Each structure stands twice: as structure tokens, then as C-alpha cells.
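The values are calculated or read from the model by the stated rules, or taken from the named source; none is laboratory data. As the structure is a prediction and not an experimental result, all values here were calculated from the model. Cβ placement follows ideal geometry from the backbone for every residue including glycine, while neighbour counts extend to all protein chains displayed. Remember, those area values only see protein heavy atoms, side chains included, never the ligands or the DNA or RNA. Shrake-Rupley method; radii C 1.70, N 1.55, O 1.52, S 1.80 Å.
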Amino acid sequence: MSDRTRNVRDVWIVDAVRTPIGKYGGALSGLRPDDLAAGVLRALVDRTPDLDPSRIDDVVYGNANGAGEENRNVARMAVLLAGLPVSVPGVTVNRLCASGLEAVIQAARAIALGDASIAVAGGVESMSRAPWVLPKPHRAFPAGHQEMFSTTIGWRMVNRRMSPEWTVPLGEGAELIADRHGIDRAAQDAFALGSHERAVRAWRDGAHDAEVVTPDGVDLARDETIREGGTAEGMAKLKPAFRPEGGTVTAGNSSPLNDGAAALLLADEEGVRATGREPLARISASAVSALEPQLFGLGPVEAVDRALGRAGRGLGDLTVMELNEAFAAQALGCLAHWPDLDPARVNPRGGAIAIGHPLGASGARLAGTVAHQLAAAGGGTGVATLCIGVGQGLALVLER
């Protein structure tokens, strides 16, 4: 075993910021995704005045689209737009819904191996500004009309060799999980209402204040899709969105379409000293898993179990879990596999059904939220985890 392998370094989350999450066509829709990405990067650096920005070894951003204004490597564009030294590199990664968490894991891995001392990891998505795309025709000079595809979310331009059962709409995948686990409409609606109630309470109590930075020129005081005063009766009036007959998944018990960005400052011990900050948490372990694409929503189950095993922890050790709520049925399906997990420790500040799910940014938001909660608690163990379209799961364990 080489010295390099033996000397794996501890990796610390020094700080984490995010924008308030905007709704589709809402307050953040006028901002380009590269500007959103640059804004949180600039805010992160400004919050750490002792850090010389030229010491940042890399900026790793997650983004799920890449087809619009965030093309040409949005991480590098963010570095330049944020006014950081041109010597700071940037790379963009894509693991769909977990791209932001993938960015954190990749940056942490570079630090752990000694390839970096200080890095920024994050993610960005503007689902409002995701473009339509027109594929090139199969032959030159076609006479007929051509089909245009939206890049906002989900399958598009599907390869004909792909099994049809794998390429069902994401909401139909949630319906399949509801069928498998016997999760009825009432349970999904109740879960969704709880997400909004916790998010409202968290904002009222100032729980998000330490991490949220509003972009310049934007009037958005909090996450835009949170709703107060919802009722079970109101939720029950919403029509199923994917199965007209007998469906249980609605717009109310699903995450919305959103815009937003998040960024975390990561460092080894030497890098932490250079920041002059007390870290929020330490990165302990991570894991990725995969399963049938149509059951993507259950991806976190194996990923979390693997990550906790690598950290030498169990579900009973958790202070908090941030489980991305792509759909209530999906989140409830995961929780059904974890009977030892206290549900009160899951998304205590609200989840994506209320806060929102800007695809490439969500994983970074979750990791940052876990880190801030562990710091506020004075210690503990936390997990950030997401399901991923096309059948994957990703999990990160943090400790303080």
C-alpha cells in the first residue's frame, strides 16, 4: 500500500449557502443559470474573508440539463462570472437529480486523496429557462414537420432499444412504488402537507437564515413554492397527474419544477486553517446504488445502507436525514424500508415537496442543510440522500 493510499485526509464542510428556491416561471426565472451559479460562489467566498480565493484548487458543480445557458461547463463559467482569479479551475458533473451531491462527493474525494486542499462544490438548475431542442433530422432536407423536445425534466429523444418499462414518466414510477408498498392517496397527501408545515415553521423560526443568500436584484424572501394553510380537503381535490383513472400521484404530493443554486466550501485541515472558520461538519462516507429505472424512487434505500455501513453507523445513530422528496410516494416507499429510522428526524425543516427540487442544485442543498443542522445541534450524524432518474440512488454521511 502506498503512502498516498494510507494518508487519506479528513474532509470538512466549512460553510454552505444556497439561494431561496424559486418556482417555475417565478422570481428567479429572469436569472441565467450561470449567474445563479456565480452568485452562490461569490457569496461563499465573501463569507470567508480570510480565504485567498486563488487557493481554491477546483470548483465542481452539478447540473442536470446542460442544454441551455448553463452549457460550456457552468462551473468554469461561474468562476469567471463571480470574479474569482482566472487560475481557479471548474468542472461540471451530471448524475441527474443527485448532480449537486455528486459534485460534493467528487470534490471531497479529491481533497481526501491529496489532489486538492480547498474546493467548492455545488449545483445549479434553472428549470424555467431549460430550452426546447430540435434534433437533427435523419436525412437532409426533410419536407415534413420536425418534433421539438422540452429539456425541463424527464425522458426525451429516447433510444428505441431501451425497454419501454424503463422509460415510463417519473410520476408513473412513483405510482408503481405506491402500488408496490400499498401507499394510498391519503398517506401521500398527508406527507406532502407535513412537508409544507415543517418548511413554514423552519422559516418562521429562522432555521434557514444561516444558509440562504438572495441573489442581487431579486425580491424573494424565502423558498417560493412553500404553501401555508393547506388542508387534506384541498389536497384531495387535485386530480391525478399521471394515471387519470385510479392514480394517486398529484401535483400536490409531488415536488414542483424549480430554479436555484447551492455551494459548499470544502477543505482539509490545512485548508480549514486558511479559512479562519470553524467547520460545520466532517464528511464521513458516501455510496451510490442502482436498480430498475422505473423504480428509481427507491434508489436511496441501498445507497443509505451502504454509506452508513462504511461510516460504521446505523439508522438509529442519525441526528437528521435529508431525504429528497421527489414524490411523496417515493419518499414513503423508502421510509418503509427503514423501520429503525425515527421519522421525526427526516426533513425536519421541510422537504422538496415544499421547498422545491431544482435538479442539479438539490443534492448540494441537502448536504448543506445537513451540515448546518449538525452545527446547530452541536454534534451528531446526518445523511443527505436522493433518488435519481433512470434508476440510481446517492447518499452522503456527515458527522460533527
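I'm trying to understand the selection: among the residues of the range 53-81, which are open to solvent by less than 10 Å² (accessible area, probe 1.4 Å) and of a type in the set (Gly, Ala, Ser)?
Selection gives Gly62, Ala75, Ala78.
Does Leu257 satisfy the criteria of being modelled with pLDDT of 95 or more, open to solvent by 10 Å² or more (accessible area, probe 1.4 Å) and under 15 Å from the mean Cα position of the chain (by Cα)?
Spelling it out, Leu257 is indeed modelled with pLDDT of 95 or more, open to solvent by 10 Å² or more (accessible area, probe 1.4 Å) and under 15 Å from the mean Cα position of the chain (by Cα).
When residues of the range 114-133 are filtered for being touching a residue at least 40 places away in the same chain (Cβ under 8 Å) and outside any loop (DSSP other than H, G, I, E, B), how many remain?
10
Of the residues that sit in the range 202-223 and are touching a residue at least 12 places away in the same chain (Cβ under 8 Å) and not in a loop (DSSP other than H, G, I, E, B), which one is least open to solvent (accessible area, probe 1.4 Å)?
Ala202
If you scan the range 77-120, which residues turn out to be basic (Lys, Arg) and under 13 Å from Asp58 (Cβ atoms)?
Within the range 77-120, Arg109 is the sole residue that qualifies.
Go through the residues of the range 48-65 one by one and say whether even a single one is over 20 Å from the mean Cα position of the chain (by Cα) and among the β-branched types (Val, Ile, Thr).
Among the residues of the range 48-65, at least one is over 20 Å from the mean Cα position of the chain (by Cα) and among the β-branched types (Val, Ile, Thr), which makes the answer yes.
Mind listing whichever residues of the range 264-301 are among the hydrophobic types (A, V, I, L, M, F, W, C) and either outside any strand (DSSP E or B) or open to solvent by 30 Å² or more (accessible area, probe 1.4 Å) (or both)?
Val272, Ala274, Leu280, Val288, Ala290, Leu291, Leu295, Phe296, Leu298, Val301
Please state which one of Val304, Val346 is open to solvent by less than 20 Å² (accessible area, probe 1.4 Å), in contact (Cβ under 8 Å) with a residue 12 or more places away in the chain and closer than 30 Å to Ser117 by Cα.
None of the other options fit; the residue is Val304.
Taking the range 158-197 as the search range and keeping residues that are open to solvent by less than 80 Å² (accessible area, probe 1.4 Å) and part of a loop (DSSP other than H, G, I, E, B), which one is farthest from Ile388 (Cα to Cα)?
Only one residue fits best here, namely Gly182.
Return the pairs, sorted by first residue and then second, in which the second residue is surrounded by 10 or more Cβ atoms within 10 Å (Cβ to Cβ), the first residue lies in the range 134-159 and is basic (Lys, Arg), the beta carbons are less than 9 Å apart, and the residues are 6+ apart or on different chains.
Arg156/Val133; Arg156/Phe149; Arg156/Ser150
Search the range 365-387 for residues being touching a strand residue (DSSP E or B) at 6+ places or on another chain (Cβ under 7 Å), among the small types (Gly, Ala, Ser) and in a helix (DSSP H, G or I), and hand back the single one that is most open to solvent (accessible area, probe 1.4 Å).
Only one residue fits best here, namely Ala375.
Is at least one residue of the range 133-143 under 26 Å from Pro33 (Cα atoms), open to solvent by 50 Å² or more (accessible area, probe 1.4 Å), modelled with pLDDT under 95 and not acidic (Asp, Glu)?
Yes, some residue in the range 133-143 is under 26 Å from Pro33 (Cα atoms), open to solvent by 50 Å² or more (accessible area, probe 1.4 Å), modelled with pLDDT under 95 and not acidic (Asp, Glu).
One line per residue, one yes/no per condition, for (1) crowded, with 24+ Cβ neighbours inside 10 Å; (2) in a loop (DSSP other than H, G, I, E, B); (3) among the small types (Gly, Ala, Ser):
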| position | (1), (2), (3) |
| --- | --- |
| Val14 | yes, no, no |
| Ala27 | no, yes, yes |
| Gly30 | no, yes, yes |
| Asp35 | no, no, no |
| Ala38 | yes, no, yes |
| Leu41 | yes, no, no |
| Val45 | no, no, no |
| Leu51 | no, yes, no |
